[in-house]
Amino acid sequence: MHLPHLLGIEGLDREQITAVLDTAEEMAQVQTRELKKLPALRGRTIVNMFFEDSTRTKMSFDLAAKRLSADTMAFAGKGSSTSKGESLRDTVLTVAAMGIDGFVIRHSASGAAKLAMEWTGLPVINAGDGTHEHPTQALLDAFTMRRALGPLQGRNVAIVGDLRHSRVVRSNLLCLRELGAHVTLVAPPTLMPDAIEDWPASQGMTITNDLDEVLADADALMMLRVQRERMSGAFFPSEADYIAGWGLTRERLAKLPDHAVVCHPGPMNRGLEISPEAADAARSLILDQVAAGVSVRMAVLFHIFSGEGSHA
Ligand code: ASP
């Protein structure tokens, strides 16, 4: 299967998502070998352009490309000519003129990845655009949960926390819906996106403000970060209030079914949305998610840049 780009989960069907997850399983096998490198993308050059901070996504895209033998270049918004006022359009056109094969882009503006693709005509992978989408995060979340729970069809996944500012929830809703999971969205009223019931992807989902009522039936809890950098005012009275209502405390952790797992895309606010006990619990898959990030991003790069259909 060839993918022309990955701007979002929107537009991908169950077959395509499953194909990426299955390729990621093969990539994960490669990661268990002593020599972890495949020659698939030899001769391709992929540029990582991160205009917003990142640890996991940036490093794992870089590692994934290297493990497929691609050449990589890293661009950071800070320290480049964007701080001299160069526009996003001029910046991507400048880099594209160097003769590269594609971009991985993170930007604070929703839609930035799509624009970069339109301007350059090169394949683009969206590594997070504003509050819109973060497709590889949803794919690695699905990969991690599928490994722990088996097929996600009919499974109950609760996504909890600052949904208003989260691109992860948007991509996950679309991905989990395609895979047949039942999603419950849990957030304080102020951090629930406006008119969420009108989102096409939220049809058939449960929407609630009450975390305690979903614990007993959850197969997976996905705790999302309180995104202070995207908040212009106060969305809850105090940290203590947030923890009391929506934090995954030790007491709430104990109410989950034995088989239930806990995920968090990172970076965590330890002690706020997730307690240290929950973050480090045996049922926490947070570091499995990080490991899956490399395999899943290898799979995405492979489906876009290898073989006949690729741009090169
Ligand atoms: N790392 C994820 C993102 O970039 C989640 C987060 O920042 O909370 O969207």
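The values are calculated or read from the model by the stated rules, or taken from the named source; none is laboratory data. Note that the structure is predicted; figures quoted are calculated from it, not measured. Counting neighbours? That spans all protein chains shown, and the Cβs are built from the backbone with ideal geometry, glycine included.
Worth a mention:
- Sub-7 Å Cβ pairs linking a first residue in the stretch 102-120 that is farther than 14 Å from P135 by Cα to a second residue that is part of a helix (DSSP H, G or I) and β-branched (V, I, T), at least 6 apart or interchain, are G102/I304; F103/V92; A116/V92; W119/V92; T120/V92, ordered by first then second residue.
- Each residue in the stretch 74-102 was checked for being at pLDDT 95 or above and either of a type in the set (A, V, I, L, M, F, W, C) or within 16 Å of the ligand (Cβ to nearest atom) (or both), and 7 of them qualify.
- For the stretch 15-42, the set of residues classified as within 30 Å of A201 (Cα to Cα) and over 17 Å from the mean Cα position of the chain (by Cα) consists of E15, A19, D22, T23, E25, E26, M27, A28, listed by residue number.
- For the stretch 152-194, residues that are charged (D, E, K, R) and farther than 24 Å from M231 by Cβ total 3.
- Residue that is of a type in the set (D, E, K, R) and in contact (Cβ under 8 Å) with a residue 40 or more places away in the chain, where the choices are D280, D288: D288
- E239 being more than 16 Å from the ligand (Cβ to nearest atom), acidic (D, E) and over 29 Å from L149 (Cα atoms): yes
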